[in-house]
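The values are calculated or read from the model by the stated rules, or taken from the named source; none is laboratory data. Everything quoted here is computed from the prediction, not taken from an experiment. Note: ideal-geometry Cβ built from the backbone for every residue, glycine included; neighbour counts use all protein chains shown. The accessibility values were calculated without ligands, DNA or RNA, using every heavy atom of the protein model including side chains. Shrake-Rupley method; radii C 1.70, N 1.55, O 1.52, S 1.80 Å.
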Amino acid sequence: MLSIAGTDPTGGAGVQADLKSIAAHDGYGMAVVTALVAQDTVGVRSVHVPDAVFLRQQLDAVSDDVTIDAVKTGMLGTAEVVRVVVDWLRAHRPAWVVVDPVMVATSGDRLLDTDAESAMTELFALADLVTPNRDELRVLAQLAGAASTDGTTIDGITTDGINAARAVARRWDVRVLAKGGHDDGPSSDDALVAPDGSVRVFTGPRVATTNTHGTGCSLSSAIATLVARHGDWELAVGSAKTWLTAALRGADALQVGRGHGPIDHNALVRAALPTPRWTDAWWVDAAEVLDETLDCRFLRGLADGTLDPEVFAGYLAQDVHYLRAYEQHLATIAAGSTGEAAAFWRTASEGCAAEARDLHHRRLAGSHSDDPVHPVCAGYLAHLADAARQGAGTGDVSVLAAAVLPCFRVYAWVGERLGTAPVGHPFADWITAYGDPGFAASSVRATELVEELARRADPELRGRMARAFRQSVAQELAFFQMPEQLGEPV
């Protein structure tokens with residue numbers, strides 16, 4: 001898909017909008033620049049038109065190398081530019097050509113001089129579809145020699161508009177899309193007029209927004225992309241109109257600029273995709289560390305039952321040190337939460353004490369009770385303490401919650417992959433604890449609660465949460481590797 005048009009550095013119109021529209025419809029966008037426009041959502045400040053020789057070099061660079069399925073033209077500006085494009089199209093015309101005749105601004109100002117308007121008529125003869133706005137259609141109708149009518153409507157389109165479009169379509173043997181976006185009323189209806197005078201009206205709701213910058217550019221590019229796929233103009237126009245309605249509905253939420261902002265080109269794309277989850281991105285980011293964790297000697301020995309029981313006891317002793325601190329951090333998160341979230345974190349905190357009592361101490365049976373905190377364990381605890389300090393004084397527990405989440409997720413993930421221990425397995429109780437469905441459910445719920453915190457956070461806080469999560473995953477790996485440093489072979 002090739003756009004031949006001017007630029008808009010704010011991204012709402014011109015080739016920038018064209019490329020967004022093309023991408024939104026799964027096309028591969030290319031752009032040849034006809035004019036460099038210093039503009040924003042408030043207005044145009046200045047325009048620089050590159051040398052016509054350079055324009056032709058851009059066009060030839062594309063057509064000499066790439067098969068072009070469709071072309072959309074936008075702002076051409078001068079008669080010289082129009083003629084360069086016309087000459088190139090005569091030599092390299094693709095199957096589909098859409099012309100957005102940027103001749104009259106929304107304000108009503110004429111954007112082309114008489115020579116350029118005359119040159120545009122040569123371009124219309126090479127086009128398949130012309131998509132003028134209301135004022136441009138009026139100018140084109142005058143060039144085509146059309147007379148005005150009484151202004152009555154047909155399916156929401158004025159007879160003036162229908163007759164003007166028919167005159168243009170007949171004069172240059174081209175389809176014309178007479179758009180109703182500038183009209184009044186609850187609907188915004190567009191009429192596709194064929195050279196034989198037949199009309200199909202596409203009805204849609206009028207969206208109450210002033211953020212319509214680049215609407216014409218975006219619609220014409222969408223149509224060009226869709227017709228190249230469907231091979232049918234009515235399908236292309238109807239689908240593009242549905243997309244544009246969604247893009248207009250999403251425009252206000254973008255909050256781009258102080259004037260008439262752009263439409264939301266990605267509105268339908270976003271609606272078709274699952275809602276992105278911050279915690280999923282963190283988990284994917286940690287994939288290499290997670291793979292290394294599952295492959296560490298401690299877990300492999302635990303899984304196949306070859307792990308030295310004494311080494312396992314040393315690991316448990318360090319885990320008791322960890323759980324004592326972890327219990328307090330979970331209680332801190334509970335205190336900084338409300339409602340069901342507070343209840344969940346409080347229950348998780350109480351579960352740490354129960355786990356240490358029922359699983360760890362039973363296994364240890366008094367041994368290793370005097371083991372000092374290993375530097376690896378101490379490092380993990382220092383990391384959690386730092387995460388807790390980041391919310392001190394504010395009551396915000398977001399970073400701490402992100403830091404404790406890997407203890408849920410990594411252990412539940414490991415348990416899922418270890419599976420069920422066979423009868424007589426020396427570590428069956430521990431493997432069963434890892435794979436406990438109740439713990440897996442707690443991991444899911446903890447993830448949901450942290451996801452909600454991440455959703456509400458600003459980017460700076462969310463970044464600290466992501467780094468805390470990443471560091472905790474690394475600390476989990478170090479904790480599983482720690483038994484190799486306890487002086488006993490694994």
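State all residues of the range 23-39 that are touching a strand residue (DSSP E or B) at 6+ places or on another chain (Cβ under 7 Å), aliphatic (A, V, I, L, M) and in contact (Cβ under 8 Å) with a residue 40 or more places away in the chain; if no residue qualifies, say none. Across the range 23-39, the qualifying residue is only Ala35. Count of the range 226-250 residues, restricted to those that are open to solvent by 10 Å² or more (accessible area, probe 1.4 Å), over 20 Å from the mean Cα position of the chain (by Cα) and under 23 Å from Glu136 (Cα atoms), is 4. Is it fair to say Cys407 is touching a His at 6+ places or on another chain (Cβ under 9 Å) and either part of a loop (DSSP other than H, G, I, E, B) or crowded, with 19+ Cβ neighbours inside 10 Å (or both)? It is false that Cys407 is touching a His at 6+ places or on another chain (Cβ under 9 Å) and either part of a loop (DSSP other than H, G, I, E, B) or crowded, with 19+ Cβ neighbours inside 10 Å (or both).
Among the residues of the range 424-438, which ones are open to solvent by 20 Å² or more (accessible area, probe 1.4 Å), part of a helix (DSSP H, G or I) and over 28 Å from Ala388 (Cβ atoms)?
Ala428, Asp429, Thr432, Pro437
Go through the range 57-91 and give me each residue that's closer than 20 Å to Leu19 by Cα and among the charged types (D, E, K, R). Hits for the range 57-91 are Asp60, Asp65, Asp69, Lys72. Which pairs turn up if I take residues in the range 380-392 that are in contact (Cβ under 8 Å) with a residue 60 or more places away in the chain and more than 14 Å from His321 (Cα to Cα) and look for partners that are of a type in the set (D, E, K, R) and loosely packed, with under 14 Cβ neighbours inside 10 Å with beta carbon separation below 8 Å, at least 6 apart in sequence or on another chain? So the pair list comes out empty. Residue under question is Ala421, and the condition is that it be at pLDDT below 95, out of contact with any His (no Cβ under 8 Å at 6 or more places or on another chain), in a loop (DSSP other than H, G, I, E, B) and surrounded by 19 or more Cβ atoms within 10 Å (Cβ to Cβ); does it hold? Considered against the rule, which asks whether it is at pLDDT below 95, out of contact with any His (no Cβ under 8 Å at 6 or more places or on another chain), in a loop (DSSP other than H, G, I, E, B) and surrounded by 19 or more Cβ atoms within 10 Å (Cβ to Cβ), Ala421 comes out as yes.
Given the structure, is Val42 β-branched (Val, Ile, Thr) and either without any contact (Cβ under 8 Å) to a residue 60 or more places away in the chain or open to solvent by less than 20 Å² (accessible area, probe 1.4 Å) (or both)? Considered against the rule, which asks whether it is β-branched (Val, Ile, Thr) and either without any contact (Cβ under 8 Å) to a residue 60 or more places away in the chain or open to solvent by less than 20 Å² (accessible area, probe 1.4 Å) (or both), Val42 comes out as no. If you go through the range 17-35 one residue at a time, do you hit one that is within 21 Å of His260 (Cβ to Cβ), out of contact with any Lys or Arg (no Cβ under 8 Å at 6 or more places or on another chain) and open to solvent by 30 Å² or more (accessible area, probe 1.4 Å)? Yes, the conditions are met somewhere in the range 17-35. When residues in the range 388-404 are screened for being hydrophobic (A, V, I, L, M, F, W, C), assigned to a loop (DSSP other than H, G, I, E, B) and surrounded by fewer than 21 Cβ atoms within 10 Å (Cβ to Cβ), 1 of them pass. So which residues in the range 306-322 are open to solvent by less than 10 Å² (accessible area, probe 1.4 Å) and either of a type in the set (D, E, K, R) or closer than 20 Å to Leu449 by Cβ (or both), if there are any at all? Once the filter is applied, which keeps residues that are open to solvent by less than 10 Å² (accessible area, probe 1.4 Å) and either of a type in the set (D, E, K, R) or closer than 20 Å to Leu449 by Cβ (or both), the range 306-322 yields only Asp319. For Ile223, the requirement of being crowded, with 17+ Cβ neighbours inside 10 Å, touching a Gly at 6+ places or on another chain (Cβ under 8 Å) and within 19 Å of Val98 (Cβ to Cβ) is not met.
When you check Ala474 against the structure, is it surrounded by 14 or more Cβ atoms within 10 Å (Cβ to Cβ) and of a type in the set (A, V, I, L, M), yes or no? For Ala474, the condition - surrounded by 14 or more Cβ atoms within 10 Å (Cβ to Cβ) and of a type in the set (A, V, I, L, M) - is met. The residue that is most open to solvent (accessible area, probe 1.4 Å), among those in the range 270-300 that are of a type in the set (Asp, Glu) and either free of Cβ contacts under 8 Å to residues at least 24 places away in the same chain or under 15 Å from Phe479 (Cα atoms) (or both), is Glu288. Taking the range 413-450 as the range and being closer than 22 Å to Arg277 by Cα and of a type in the set (Ser, Thr, Tyr) as the test, the residues that pass are Ser442, Ser443, Thr447. Only one entry in Ala303, Ala253 is among the small types (Gly, Ala, Ser), open to solvent by 30 Å² or more (accessible area, probe 1.4 Å) and in contact with a Lys or Arg (Cβ under 9 Å, 6 or more places away or on another chain), namely Ala303. A Cβ distance below 8 Å, combined with a sequence gap of six or more or placement on separate chains, defines the contacts here; from the range 66-79, residues that are farther than 28 Å from Val44 by Cβ and at pLDDT 95 or above reach residues that are aliphatic (A, V, I, L, M) and not in a loop (DSSP other than H, G, I, E, B) in the pairs Val66/Met30; Ile68/Leu2; Ile68/Met30; Ile68/Val62; Asp69/Ala228. Residues of the range 439-490 that are closer than 28 Å to Gly305 by Cα, among the charged types (D, E, K, R) and in a helix (DSSP H, G or I): Glu476, Glu484.
Being aliphatic (A, V, I, L, M) and either free of Cβ contacts under 8 Å to residues at least 60 places away in the same chain or out of contact with any helix residue (DSSP H, G or I) (no Cβ under 7 Å at 6 or more places or on another chain) (or both) is the requirement here; does Ala441 meet it? It is true that Ala441 is aliphatic (A, V, I, L, M) and either free of Cβ contacts under 8 Å to residues at least 60 places away in the same chain or out of contact with any helix residue (DSSP H, G or I) (no Cβ under 7 Å at 6 or more places or on another chain) (or both).
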